[in-house]
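I have placed the structure first, in the form of structure tokens, so that the comments after it can refer back to it.
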Amino acid sequence: MLRVLSQIFTFFRRRADNNEEPQEPLQGDSKLKTVQGFVTSFSSDHGWIDESIYFSANVAGNVALKVGQKVTAIVEEDEIASRLKAIKVDAVSENFDVIMQPDPKMRVLAGCVTRVKKDIVYIDKKLYFSLDIFSTGFVPYKGDWVEIEYSKKSRTSKIKAHSVKPMNCKHVENIYITSLEERSGVIDYSIFFTLDSLKYPAGYEPQQYDLVNAVIVESTQVGCTWRAVSITPVQSSF
């Protein structure tokens with residue numbers, strides 16, 4: 001009986017809510033916040049940012065989004081669904097943004113690596129650099145986000161790169177290798193790695209369920225927004 005009464009009450013409550021005039025979000029609403037992230041899944045009517053922020057296709061306007069696209073979103077908490085929801089999504093330039101430096105002669109280009117061929121790293125078809133100028137110990141991989149410090153040559157449109165480093169890099173501790181198939185795997189369900197570019201101690205062979213510490217960089221991979229560049233075992237599963 002209580003269950004039936006509850007359903008009746010919910011029905012009339014929803015009708016009352018539907019009759020209310022829709023309200024535009026207030027500019028000063030403290031519940032709204034702006035975030036940057038990557039589209040990790042997208043279908044014809046909705047998608048997810050960083051696998052944690054839901055958005056419907058109509059809030060992206062006429063922008064054609066795709067998985068791996070970097071976006072800026074205005075986010076609110078959906079109390080009914082107990083999740084974060086984007087009410088506006090804007091695409092960030094697909095491959096790079098220019099970040100102005102205090103020194104007018106020096107600038108920083110934030111870009112996504114699209115290809116690595118031998119000793120050449122490509123940001124797009126026209127922008128590429130030699131591995132020699134990358135930060136010591138960092139070997140870029142397709143999907144990595146990097147910052148290129150450069151200057152423009154006088155009386156020409158050409159640029160001179162001075163250094164390249166990961167756009168975001170951090171150290172994480174005590175996390176598990178949650179999957180490993182052939183040469184690629186995932187740590188903590190969110191950090192991609194490939195044995196082809198991963199650094200780890202001699203004599204150690206990464207295994208699923210190993211507890212590790214890792215150095216990770218921001219990178220656009222399938223289902224992940226970070227890539228491990230090195231790991232150190234804390235506890236082996238075997």
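Numbers for the structure displayed
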quantity	calculated
J(HN,Hα) series, region 219-231, from Karplus relation 6.51 cos²θ - 1.76 cosθ + 1.60, nearest Hz, glycine and proline x	7, 8, 10, 5, x, 9, 10, 9, 10, 7, 9, 7, 9
Net charge contributed by nearby residues that have their C-beta within less than 11 Å of residue 37 (K/R +1, D/E -1)	-2
Residues residue 235 and residue 66, FRET efficiency given R0 of 30 Å [Cβ-Cβ distance, rounded to 0.05]	0.15
Fully extended contour minus Cα-Cα distance, from residue 83 to residue 33, at 0.36 nm per residue	16.6 nm
Estimated inter-spin distance, residue 160 and residue 92, nm [label 7 Å along Cα→Cβ]	2.9
Cut-off 12 Å, label 7 Å out along Cα→Cβ of residue 171, residues of region 198-238 by amide N	213-216, 232
Where trypsin sites (Lys or Arg not before Pro) fall in DSSP loop in region 149-236, at most 13 other Cβ within 10 Å	153, 155, 158, 183
Residues with amide H under 5 Å from that of residue 229, placed H, sequence gap 5 or more	215, 216, 217
Under the Karplus curve 6.51 cos²θ - 1.76 cosθ + 1.60, θ = phi - 60°, whole-Hz ³J(HN,Hα) for region 37-45, x wherever Gly or Pro sits	x, 10, 6, 9, 7, 7, 10, 5, 10
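Here, each number is a calculation from the coordinates, and none is a lab measurement. Note that the coordinates shown come from a computational prediction; the quantities given were computed from them, not determined experimentally. Every residue, glycine among them, receives a Cβ derived from its backbone with ideal geometry; neighbour counts consider all protein chains shown.
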